[in-house]
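Peer 1: Below you'll find the structure I mean.
Please treat every number below as a calculation from the coordinates, not as lab data. Remember, it's a predicted structure, so these values are computed and weren't measured experimentally. Reconstructed Cβ throughout: ideal geometry from the backbone, glycine too, with neighbour counts over all protein chains shown.
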Amino acid sequence: MQEPFILAVETSSRIGSVAIAFGEKLVSEIRFSGPLKHSMEIFPAVRGLLDPTGRTPGQIEQVYISQGPGSFTGLRIAATLAKTMHLAEAANIVAVDTLDIIAANVVRLSPGITRPVGWSQALPADCNRIATVLDAKRGQFFIAVYERARQGRRSRGAEDDFWKKVVPDSLVTISEFLDRFACPANPIGLLGDGLVYYQDRFEADGVFFLDKQHWSPQANKVHRLGWQKALDGQFADPLTLTPHYLRKPDVTSESR
């Protein structure tokens, strides 16, 4: 059976990206040229991915999108693209949580996902907690927390580890986060674009920061997590699909 041709889209944060894949195999990825270029660059980027393959948009069978939380405008761009492709080409849609996508830069979020070489080289071996952080404006942040879990016997050491989401996507202030999670006896590692302008305010005993190269959500991780959901038959209903905002959009903040 031929593997489905997949488009993965990440426009939830500062710098967007798109990728194409055949089933589990990622073919190529394009990252946008700078912050907040989503509306200008998404269609040229998709064309740039398709042209070398000789494929057309009509041959895309599945569309995976970053559903949020994140940029209101960016999330709408991805949702609108996915719905349009479903209506025009009957492409199936998979919606993936943005904070999970960021976490997937350094951990594996399911024991069923094959772990590539170097999956978590950025993560200290004794780190048992991480949190992903996105700026929600108004002094608040979108945050989710993950803890290390074990998969059966550790016959292969750390490769038997996976990570479980223990605090779902939440809208909190920095002080609320630090009061609850900053613990010197059990340090928590932070990553995410929400730290770009606010890293110094998150500094506290029991908090450390992963390398900035792992902060941004990426289309290749949208594909990795989306593929697992597709295998499980977790396709979104295009009629009811909406971005996961966590709070209502503010029409006065659409420059974000």
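Peer 1: How big is the gap, in Å, between the Cα center of the range 23-75 and the Cα center of the range 209-227?
Peer 2: Using only Cα atoms, the two centres lie 14 Å from each other.
Peer 1: To test your reading of the geometry: what angle, between 0 and 90 degrees and rounded to tens, separates the Cα axis of helix 72-89 from the longest principal axis of the chain?
Peer 2: Taking Cα atoms only, the helix is inclined about 30 degrees.
Peer 1: In nm, to one decimal, how far is the modelled label at Ser39 from the one at Thr173, with both set 7 Å along Cα→Cβ?
Peer 2: Between Ser39 and Thr173, the simple spin-label model gives 3.3 nm.
Peer 1: Charges at C-beta only: +1 for Lys and Arg, -1 for Asp and Glu. How large is the resulting dipole of the chain about its Cα centre, in Debye rounded to 20?
Peer 2: On the way: 29 positive and 28 negative charges, 26 e Å.
Computed about the Cα centre, the dipole is about 120 debye.
Peer 1: Another question about this same structure. Set Lys and Arg Cβ to +1 and Asp and Glu Cβ to -1, take the dipole of the chain about its Cα centre, and tell me which of Gly70, Ile102, Phe235 lies farthest positive.
Peer 2: The residue sitting farthest along the positive end of the dipole is Phe235.
Peer 1: Could you name the lysines in cross-link range of Lys221, using Cα to Cα under 17 Å and dropping any fewer than eight places away on the same chain?
Peer 2: Counting by Cα, and skipping residues close in sequence, Lys221 has these lysines nearby: Lys25, Lys164, Lys165, Lys212, Lys229.
Peer 1: I've got another one for you. Find the percent of Cα-Cα distances in the chain that exceed 36 Å, and round it to a whole number. List each step's numbers first, then the result.
Peer 2: Working: 3826 of 32640 pairs.
Tail fraction, whole percent: 12.
Peer 1: Looking only at GluC sites (Glu not before Pro) in DSSP loops with at most 14 other Cβ atoms within 10 Å, what is the longest site-free stretch of the chain?
Peer 2: Here the longest segment lacking exposed loop sites spans 1-202.
Peer 1: With a 10 Å Cβ neighbour count serving as the proxy for reagent exposure, in which order, fewest first, do Tyr198, Tyr245, Tyr146 appear?
Peer 2: Tyr198, Tyr245, Tyr146
Peer 1: Rounding to the nearest 10 and keeping the result within 0 to 90°, find how far the Cα-based axis of helix 38-50 lies from the longest principal axis of the chain.
Peer 2: Between the helix axis and the principal axis of the chain, the angle is about 60 degrees.
Peer 1: Using a Gaussian network model of the chain whose springs link C-alpha atoms within less than 10 Å, name the residue from Ser39, Ser66, Ser12 with the highest mean-square fluctuation.
Peer 2: Ser39
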